[in-house]
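This report concerns only the one structure given below.
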Amino acid sequence: MGIIIGLFYIAIIYLRYSQGAKNPIMFALIATIGFITALVLMFIAALQRRKAYGGYIELKDIFQTLFVTVLIFELFYTIFNFVYLKAIDPNFFQKFKEATENMMLKQGMSQEKVDEQMGKLDTDPAKAASASSIIINYLWSVAVSGVFALIISLIVRKKRPPFTNDQTIFQTTES
């Protein structure tokens, strides 16, 4: 499921970057929809895993499954992000800044206010693509998605009742 979510995430990232360079609001909207959809897919993966376990699953087992899923799809996200911003569209940040500035000016913001907001957007593309930055961003993404994996695990877990009609405590053998 991590691979499926990872491939889905790549498609969403591509759409987000291609639209985000033109419209910052679409960038944020697509990012939000993509993350929510990834969470829904994780929830589906958790339900499938519980079903595979016979309808009952402990927290440890479901969280372990979801955490591996998170490690995989966040790795896909990180690698594609790096490749896109380094090779496919290295000028993305500049286009995004220009689109954001144009949007703020069209909304009637003063140039002073626009300049203040644009100062907050200043990011060095070389620094963003450094090895340490990529590793830190990957770990941060894993941590955030891991928290959601834990929440989903808490929702999906289902303990086996201690005694049920289908469990036999003593087994006898007939000769």
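Per-residue answers, yes or no, for (1) within 24 Å of N23 (Cα to Cα); (2) surrounded by 15 or more Cβ atoms within 10 Å (Cβ to Cβ):
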position: I57; (1), (2): no, yes
position: Q64; (1), (2): no, no
position: L71; (1), (2): no, yes
position: F80; (1), (2): yes, yes
position: A87; (1), (2): yes, no
position: N91; (1), (2): yes, no
position: Q94; (1), (2): yes, no
position: K113; (1), (2): yes, no
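What is the number of the single condition among (1) over 20 Å from W140 (Cα atoms); (2) within 10 Å of the chain's Cα centre (by Cα); (3) among the hydroxyl-bearing types (S, T, Y) that Y77 does not meet?
Going through (1) over 20 Å from W140 (Cα atoms); (2) within 10 Å of the chain's Cα centre (by Cα); (3) among the hydroxyl-bearing types (S, T, Y) one by one, Y77 breaks only (1).
Only residues that are within 10 Å of the chain's Cα centre (by Cα) and surrounded by 13 or more Cβ atoms within 10 Å (Cβ to Cβ): list them for region 28-55, please.
If we filter region 28-55 for residues that are within 10 Å of the chain's Cα centre (by Cα), which is where we start, we get 31-32, 34-39, 42.
Matches in region 28-55: A31, G34, F35, T37, A38, L39, M42.
Answer with yes or no whether A46 is without any contact (Cβ under 8 Å) to a residue 24 or more places away in the chain and of a type in the set (G, A, S).
Working: without any contact (Cβ under 8 Å) to a residue 24 or more places away in the chain: no; of a type in the set (G, A, S): yes.
In short, no.
Considering only region 7-14, I want to know if a residue exists there that is surrounded by 15 or more Cβ atoms within 10 Å (Cβ to Cβ), touching an Asp or Glu at 6+ places or on another chain (Cβ under 7 Å), in a helix (DSSP H, G or I) and in contact (Cβ under 8 Å) with a residue 12 or more places away in the chain.
The answer is no, given that none of the residues of region 7-14 is surrounded by 15 or more Cβ atoms within 10 Å (Cβ to Cβ), touching an Asp or Glu at 6+ places or on another chain (Cβ under 7 Å), in a helix (DSSP H, G or I) and in contact (Cβ under 8 Å) with a residue 12 or more places away in the chain.
Every number here is computed from the coordinates shown, using simple stated rules; none is lab data. In this text the structure is predicted, and so the values were computed from the model without any measurement. Positions of Cβ are backbone-derived with ideal geometry, glycine not excepted, and every protein chain shown enters the neighbour counts.
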